[in-house]
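Reading through the structure tokens given below for one structure.
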Amino acid sequence: MARRKKGRDVDGVILLDKPLGLSSNHALQRVRRAFDARKAGHTGSLDPLATGLLPICLGEATKLSSYLLESDKHYRVTARLGYETTTGDAEGEMSRASDVDMPTGVALDTLLAGFVGPQQQIPPMYSALKVDGKPLYEYAREGQTIERAPRPITVHSVELVEAGDGRLTLDVAVSSGTYVRTLVEDIARAWGGCAHVAALRRTRVGPLGFERPMIDLEQIESAANEDPARLGNWLQPISSLIADWPRVRLDSEQTEAVLHGQRLRGDWEAGDTLVRLESDDGLLLGLGRCEIEGELRPKRLFARPQP
């Protein structure tokens with residue numbers, strides 16, 4: 001008989017402000033322990049040198065974490081100009097240098113605007129992408145360079161925050177799978193220069209980060225030790241993960257059928273669309289898919305319907 005995981009059933013999302021120097025998995029485990037949660041996961045890791053929004057999914061929210069991996073991300077990035085590094089950030093050794101000055105004014109604005117839109121990006125060697133079952137960063141540490149195919153990405157916006165004193169700070173919104181380190185290198189190369197990421201902070205993940213504030217790990221652990229009842233103040237509803245998804249409200253008979261895994265035929269909008277399924281009293285039941293034939297199919301249901 002399988003051993004039951006320790007902890008309690010806690011359902012919700014923590015908008016963690018991941019601190020500098022901590023791995024995403026380490027941060028995840030510390031939050032899980034603070035909440036004494038049986039299940040926990042996150043919606044996409046941040047490098048140890050990056051800070052900012054790391055949504056931690058607890059309990060039933062873990063069933064949605066994989067869908068947030070494909071969400072758009074927003075970052076504030078500060079690039080140090082003058083040289084590139086082997087890793088694309090401050091951890092690596094200098095690999096290429098240039099003393100070409102960064103353009104200013106309208107010329108810089110025009111250059112940055114040219115990076116907005118769909119494009120192809122070659123993933124960096126220091127990344128977790130796997131080739132023959134082995135992460136690229138392991139090849140890089142062995143001194144090997146593996147040929148990588150370009151991947152489609154979309155840069156939704158690039159906004160200048162500050163420029164000068166050998167640094168360039170930008171606010172960028174990008175699609176899933178975009179490497180900001182590579183984007184920074186490409187921007188500098190466009191004027192004949194070099195750059196690497198000196199600081200990176202994620203500010204939004206999909207619908208998260210627009211309205212609700214992030215919470216520090218130290219605050220969470222302090223509350224867990226001194227006043228555990230306070231932890232609930234930072235637990236966001238699971239519905240916040242899919243706040244921008246289309247909703248399908250079901251009557252009591254349809255709800256019963258869906259909870260038994262049955263498909264529904266009706267006047268659903270035709271297409272191939274993921275939707276959030278709600279009962280007639282407003283409880284979130286899980287995810288469904290409106291298929292091309294107009295049939296509604298339950299896809300991922302919660303063991304505990306959510307408010």
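Scanning region 223-275 for residues being over 30 Å from ARG33 (Cβ atoms) and either aliphatic (A, V, I, L, M) or in contact with a helix residue (DSSP H, G or I) (Cβ under 7 Å, 6 or more places away or on another chain) (or both) gives a total of 9. On the given criteria, is ALA190 in contact with a Leu (Cβ under 6 Å, 6 or more places away or on another chain) and touching a residue at least 60 places away in the same chain (Cβ under 8 Å)? Criteria met by ALA190. Among the conditions (1) modelled with pLDDT under 95; (2) open to solvent by less than 60 Å² (accessible area, probe 1.4 Å), the only one that SER252 does not satisfy is (2). Could you tell me whether any residue of region 264-279 is more than 27 Å from GLN29 (Cβ to Cβ), more than 29 Å from the chain's Cα centre (by Cα) and either among the hydroxyl-bearing types (Ser, Thr, Tyr) or at pLDDT 95 or above (or both)? Checked against the condition, which is being more than 27 Å from GLN29 (Cβ to Cβ), more than 29 Å from the chain's Cα centre (by Cα) and either among the hydroxyl-bearing types (Ser, Thr, Tyr) or at pLDDT 95 or above (or both), region 264-279 yields no hits at all. Evaluate region 93-112: report whether one residue or more is touching a Pro at 6+ places or on another chain (Cβ under 8 Å) and surrounded by 14 or more Cβ atoms within 10 Å (Cβ to Cβ). Yes, region 93-112 contains at least one residue that is touching a Pro at 6+ places or on another chain (Cβ under 8 Å) and surrounded by 14 or more Cβ atoms within 10 Å (Cβ to Cβ).
Confirm whether ALA190 is in contact with a helix residue (DSSP H, G or I) (Cβ under 8 Å, 6 or more places away or on another chain), of a type in the set (Gly, Ala, Ser), under 22 Å from HIS26 (Cα atoms) and surrounded by fewer than 18 Cβ atoms within 10 Å (Cβ to Cβ). For ALA190, the condition - in contact with a helix residue (DSSP H, G or I) (Cβ under 8 Å, 6 or more places away or on another chain), of a type in the set (Gly, Ala, Ser), under 22 Å from HIS26 (Cα atoms) and surrounded by fewer than 18 Cβ atoms within 10 Å (Cβ to Cβ) - is not met. Of all the criteria given as (1) of a type in the set (Lys, Arg); (2) under 22 Å from ALA61 (Cα atoms); (3) surrounded by fewer than 18 Cβ atoms within 10 Å (Cβ to Cβ), the one not satisfied by ARG265 is (2).
Screening region 150-261 for helices (runs of 4 or more DSSP H) wholly inside it with 2 or more residues that are farther than 27 Å from VAL116 by Cβ and polar (S, T, N, Q) returns the ranges 217-226, 252-259.
For region 127-147, indicate whether the set of residues that are at pLDDT 90 or above and crowded, with 17+ Cβ neighbours inside 10 Å is non-empty.
No, every residue in region 127-147 fails to be at pLDDT 90 or above and crowded, with 17+ Cβ neighbours inside 10 Å.
The values are calculated or read from the model by the stated rules, or taken from the named source; none is laboratory data. Keep in mind it's a predicted model, so treat the numbers as computed, not measured. Every residue, glycine among them, receives a Cβ derived from its backbone with ideal geometry; neighbour counts consider all protein chains shown. Accessible surface areas use protein heavy atoms only, side chains included; no ligands, DNA or RNA. Shrake-Rupley method; radii C 1.70, N 1.55, O 1.52, S 1.80 Å.
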